[in-house]
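Input: a single structure, listed below in structure tokens.
The values are calculated or read from the model by the stated rules, or taken from the named source; none is laboratory data. Bear in mind the structure is a predicted one, so any value in this text is a computation, not a measurement. Here the Cβ positions follow ideal geometry from the backbone for every residue, glycine too, while neighbour counts run over all protein chains shown. Surface areas here come from the heavy atoms of the whole protein model, side chains and all, with no ligands, DNA or RNA. Shrake-Rupley method; radii C 1.70, N 1.55, O 1.52, S 1.80 Å.
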Amino acid sequence: MKHLYIVANWKANKTSSEAHAWLIQFLNQDLISYLHQNTQLKKTIIICPPFTLLSELAILFAQYDLPLSLGAQNVSHFPEGSHTGEESAVQLAEFAKYVIIGHSERREEFLETDELLRKKVDESKRHMLIPIYCVRSEKDPIPDGVTIVAYEPQSAIGSGKAELPSVANSVATKIKKINKISSVLYGGSVTPENVHEFTSQSMIDGVLVGTASLDPIMFSQIVVNA
Ligand code: PGA
């Protein structure tokens, strides 16, 4: 059985009270019994909330020993220091194990370049944060040291029009061939209904979920169906 990563990208959504309500609903009876029955389960569930919620979710996950990991959605390319408004890798590593780098929304809205993204990967690695490096096609360069890539075609993000699983699989194959990448995830309009079509592809090792991850019931169905 291959190891799957199921990643929730909440983007700039959820207040503290909304995150608590999400967690209570996410850990519903169906999901709990599924997790109990599948103790050998090879699924890593990673929640990537906004920075504002990282520390409180880290405390909750630890307090209740939840089978969930935390990821940040971005990291500064600067080390800690005088960089107003930035969050450095050493600060994030206090709470998160993973970090999303190079999401197409950051490339477009914040003009993040390949060179800047390479620095973010270097900073993350220096502090043991594992990058989940997003590419829009197999043509986007992948910095050295990246092991998990999320392939997210722009047309599929938030559009309700997921890519054909076979096409995503062939891009994942190319990404693994060109680079020494161990895991390629697919992202873009993943739902409880289509998730298995992606995770059953030979070269796809999980999913990065935006919109459907905001709904706790939908996201728990994605975890079960993947
Ligand atoms: P989506 O977003 O699931 O809403 O398409 C995916 C992403 O942006 O990571």
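Kindly indicate the residue of segment 42-67 that is open to solvent by 20 Å² or more (accessible area, probe 1.4 Å), in contact with a strand residue (DSSP E or B) (Cβ under 7 Å, 6 or more places away or on another chain) and of a type outside the set (S, T, N, Q) and also nearest to G187 (Cα to Cα) among those meeting that condition.
That would be K43.
Mind listing whichever residues of segment 174-190 are closer than 17 Å to L4 by Cβ and open to solvent by 40 Å² or more (accessible area, probe 1.4 Å)?
Residues satisfying the conditions are K176, S182.
Can you tell me which of A58, A8 is closer than 15 Å to P216 by Cβ, modelled with pLDDT of 95 or more and of a type outside the set (D, E)? Step through it out loud before you land on a result.
Details: A58 fails: closer than 15 Å to P216 by Cβ.
None of the others qualify; the one that does is A8.
Within segment 143-160, is even one residue more than 15 Å from the ligand (Cβ to nearest atom), under 18 Å from the mean Cα position of the chain (by Cα) and open to solvent by 70 Å² or more (accessible area, probe 1.4 Å)?
Within segment 143-160, none of the residues are more than 15 Å from the ligand (Cβ to nearest atom), under 18 Å from the mean Cα position of the chain (by Cα) and open to solvent by 70 Å² or more (accessible area, probe 1.4 Å).
Kindly establish whether T44 is more than 16 Å from the ligand (Cβ to nearest atom), part of a strand (DSSP E or B) and within 30 Å of R107 (Cβ to Cβ).
Considered against the rule, which asks whether it is more than 16 Å from the ligand (Cβ to nearest atom), part of a strand (DSSP E or B) and within 30 Å of R107 (Cβ to Cβ), T44 comes out as yes.
Just give me the residues in segment 2-18 being out of contact with any strand residue (DSSP E or B) (no Cβ under 9 Å at 6 or more places or on another chain), surrounded by 13 or more Cβ atoms within 10 Å (Cβ to Cβ) and of a type in the set (G, A, S), in sequence order.
Once the filter is applied, which keeps residues that are out of contact with any strand residue (DSSP E or B) (no Cβ under 9 Å at 6 or more places or on another chain), surrounded by 13 or more Cβ atoms within 10 Å (Cβ to Cβ) and of a type in the set (G, A, S), segment 2-18 yields nothing.
Does any residue of segment 99-112 turn out to be open to solvent by 30 Å² or more (accessible area, probe 1.4 Å) and either closer than 20 Å to I178 by Cβ or in contact with a helix residue (DSSP H, G or I) (Cβ under 7 Å, 6 or more places away or on another chain) (or both)? Please lay out each step first, then the result.
Within segment 99-112, the subset open to solvent by 30 Å² or more (accessible area, probe 1.4 Å) is 105-106, 108-111.
Then keep just the ones that are either closer than 20 Å to I178 by Cβ or in contact with a helix residue (DSSP H, G or I) (Cβ under 7 Å, 6 or more places away or on another chain) (or both); that gives none.
No, the conditions are met nowhere in segment 99-112.
Restricting attention to segment 198-216, does a residue exist that is modelled with pLDDT under 95, more than 11 Å from the ligand (Cβ to nearest atom), open to solvent by 10 Å² or more (accessible area, probe 1.4 Å) and among the polar types (S, T, N, Q)?
no
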